[in-house]
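Notes follow once the structure below has been shown.
Just so it is clear, none of the values below were taken in a lab; they were calculated from the coordinates. All of these numbers come straight from a predicted model, not from anything done at the bench. As a convention, Cβ positions derive from the backbone with ideal geometry for all residues, glycine included, and neighbour counts pool all protein chains shown.
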Amino acid sequence: MITSDHVRELLADPDEDLVLVVVEGRAHVVPRPELGTGRYGGGLEVASAADLVPVPEGAREGGDEELRQVAAALEAEVNRLGG
C-alpha cells in the first residue's frame, strides 16, 4: 500500500533521484540506480519526484491531506495496472 509517508519521502529531496517502486505488493522509495537490482529487481516503477510535478502546494509542504490524496491516486494507478 502506498502511503503519504512514501510520497513525503519521495518529495523530500528533489535533487536526489528517488523512485517509488512496488515489489511483491509492498511500496518502497529507492534511489533510481537500485532499480532492477537485488530486492528491487522486477519491481513496478510507479513514480519519481519529477513525475509528481506539479503536485499540490500543500503536498510539497507536507500537508497530510494533500499527501494522502497523491498516495491514493498512485495506489489507484498501481491497482489499475494490477501491481
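Here each label is just a point 7 Å from Cα along the line to Cβ, and for Ala12 and Thr37 those points are 2.0 nm apart.
Computed over all pairs of different Cα atoms, the Kirkwood value for the hydrodynamic radius of the chain is 12.6 Å.
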